[in-house]
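Structure first, commentary second.
The values are calculated or read from the model by the stated rules, or taken from the named source; none is laboratory data. On a predicted model such as this, the values are computed, not experimentally measured, just so you know. Counting neighbours? That spans all protein chains shown, and the Cβs are built from the backbone with ideal geometry, glycine included. Only protein heavy atoms, including side chains, enter the accessible area calculation; ligands, DNA and RNA are left aside. Shrake-Rupley method; radii C 1.70, N 1.55, O 1.52, S 1.80 Å.
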Amino acid sequence: MEGGGGRGRRGKLMGHPNRAAVFACLFACFFSLTACAPGITGRQGFAMDTVVSLTAYGKDAAAAMDAALAELAALEARLSVTRGDSEVAKINENAGELVSVSPQLQSILETSLTVSRQSGGAFDISVYPLVKAWGFTTETYRVPEAEEIAELLPAVDYTKIRLEGQSAGVAAGMAIDLGAVAKGYAGDALAEVYAAHGVRSGIINLGGNVRAVGEKPGGQPWRIAIQDPYKDAGNACILEVRDANVITSGAYQRYFERDGVRYHHIIDPGSGRPSDSGLASVTIVAAGGAGAMADATATALFVMGLDDGLAYWRNYGGFEAVLITEDGAMVVTPGIADQIRDVAAGFRYSVADGK
Ligand code: FAD
Ligand code: MG
C-alpha cells in the first residue's frame, strides 16, 4: 500500500497545548470508535492526568464500567509518583532501602526492568529526576542548565533498581516514575474487570492508550485511529484489531515551548534532554495482557529511533509497530500491515523488512 506524495514534514509539528490536545485526540478517537456502534454504553472520566473513555457491551456493561473506573482510581492511588501516600512515593522516600510492594507494582517493575535491559537503557523509569527538572508531571516547565542535567544524570541507572520478591527499592539519590508504563498495565487490569462482569466487547481508552476488548458486537474488528502527529485533529491511519493493546508515544502529546523551541516529555536517559531520534510517534500493537510491555516499548522505541527500534523488534518481537518519522515516513511491521486502513495523504508508507 502506498500512502501518498511524501512531502517533507520535519520541523515544526502542528501540535496543541497539552490537555486540549488530549481532549481533542480522545474525542476524535471516541467518535471514530463508536461511529459504527449504535446502542453503545459509555463512561468518561479523568485519571492519571488524562481523559478516560470507556465503552462496553453486555448485560452488566454499566456495572463493569463503574467497577473499572473504581479500579483505575485504586491503581492511580497506588502507582502515582505525585501522590504522597503511593507505593511509588514510598520507594522514592526510602531510597537506599527496600520496601514491600504490591503484586501489581512488582509486575510493573519486572516489565520495566526487562524493557530497560533490552533497550540498553533507552527506557528507564529512574529518569524521573530529569523529568522533574524539566517540569513534567509537576507542570512547572523550565529548561535546566547543562550543569544541572550533568549533576542529575548519574542518578539515572535502572541497574540500581532492586526487585527482590515482594520488596523493591532504588539506590540513595534515585527516584522512579511509572508514567511511561502504568497506563498500559491499567488497560489490561480494567479489561480483567470487564471479564469479571462478563463483558467480552468494549474499549478502554486511557488518554490514547487503547485496550480493545474482544471485537465489535457484530463480529467485526475494532477500528482504532492513530493520530496524525502533525495535525491538531486528524488521523494518520486506522488500525483494525481484536483483543489488543494499541499504545502510542508521541512528541506532540505533552510539551512546552521556550524561545520558539519545543521541549517534549520523553527524555533520553543518555542526554537528559527530550529525545531527538527523528521519530514523531510510535504505536505498539500487542496482545491483550501485554499492555505494560507495549507502553514501555512505545517509549523505548521513541527514544531509540527508527533503525534501532526496528532492530529491537527483530530481536525481541512479541509486538507489532507503526513508526512515524519527523520527515513524513510511516513504517509498519509486517504482522500488522494487513490491518492498516486509510493512511492519510502525505505519508510515505512502507512495510519493514521482516526478521
Ligand atoms: P509515555 O511515552 O508512555 O511516557 C512518558 C512519560 O514517562 C513522561 O511523561 C515521563 O513521566 C516518563 N518518561 C520520560 N522519558 C522516559 C524514559 N526514557 N523512560 C521511562 N520513562 C520516561 N501527570 C501529571 O502531570 N500529574 C500527575 O499527577 C500525574 N499522575 C499520574 C499517575 C499515574 C499512575 C500515571 C500512569 C500517569 C500520571 N501522569 C501525571 C501522567 C504522566 O506523568 C505522563 O505524562 C503520562 O503517563 C505520559 O504518557 P504517554 O503515553 O503520553 O507517554
Ligand atoms: Mg509508554
Give Lys59/Lys216; Lys160/Lys183; Lys183/Lys231; Lys59/Lys183 a once-over and call out the pairs whose C-alpha atoms are over 22 Å from each other. Lys160/Lys183; Lys183/Lys231; Lys59/Lys183
Mind grabbing the accessible area of Val332 for me, 1.4 Å probe, Å², rounded to tens? 0 Å²
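Set the Förster radius R0 to 22 Å, insert the Cβ-Cβ distance between Arg117 and Asp353 as r into 1/(1 + (r/R0)^6), and round the FRET efficiency to 0.05. Write down the numbers at each step before the final one.
Details: r = 25 Å, r/R0 = 1.13.
My answer for the efficiency is 0.30.
Under 9 Å from the Cβ of Ile238, count the other residues' Cβ atoms, weight Lys and Arg +1, Asp and Glu -1, and hand me the total. Could the numbers behind the result be given before it?
On the way: positive: Arg223, Arg341; negative: Glu240, Asp342.
Net of charged neighbours comes to 0.
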In nm, to one decimal, how far is the modelled label at Asp276 from the one at Asn315, with both set 7 Å along Cα→Cβ? 2.4 nm
Using the Karplus curve 6.51 cos²θ - 1.76 cosθ + 1.60 with θ = phi - 60°, what ³J(HN,Hα) values do you get for each residue of segment 230-236, in whole Hz, with x for Gly and Pro? 9, 10, 4, 9, x, 9, 7
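Excluding Thr55 itself, calculate the net charge of residues whose Cβ lies under 12 Å from the Cβ of Thr55, where each Lys or Arg counts +1 and each Asp or Glu counts -1. Display every interim value, and only then the final one.
On the way: positive: Arg43, Arg211, Lys216; negative: none.
With Lys, Arg at +1 and Asp, Glu at -1, the neighbours total +3.
At 222 nm, what helix-only mean residue ellipticity would the chain give, in deg cm²/dmol to the nearest 500, using -39500 (n - 2.57) for each DSSP H run of four or more? Could the numbers behind the result be given before it?
Numbers: 9 runs with 112 residues, N = 355.
For the chain, the value works out to -10000 deg cm²/dmol.
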Once phi is turned into θ = phi - 60°, what whole-Hz ³J(HN,Hα) does the Karplus curve with 6.51, -1.76 and 1.60 give for every residue of segment 329-335, x standing for Gly and Pro? 8, 10, 10, 10, 7, x, x
For Tyr141, what accessible area in Å² do you get when you roll a 1.4 Å probe over the heavy atoms of the protein chains, rounding to the nearest 10? 50 Å²
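Largest first, what is the accessible-area ranking of Thr299, Thr41 with a 1.4 Å probe?
Values: Thr299 20, Thr41 50 Å².
Output order, biggest surface exposure first: Thr41, Thr299.
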Grab the other residues whose beta carbon is less than 9 angstrom from that of Ala168, score K and R as +1, D and E as -1, and report the net. -1
Mind checking segment 127-190 for trypsin sites (Lys or Arg not before Pro) that DSSP puts in a loop (not H, G, I, E or B) and that have at most 14 other Cβ atoms within 10 Å? Arg142
So what's the gap between the Cα centers of segment 111-152 and segment 43-88, to the nearest angstrom? 26 Å
Amide H of Tyr349 versus every other amide H placed in the peptide plane: which residues, excluding those fewer than 5 positions away on the same chain, fall under 5 Å? Gly3, Gly4, Met330
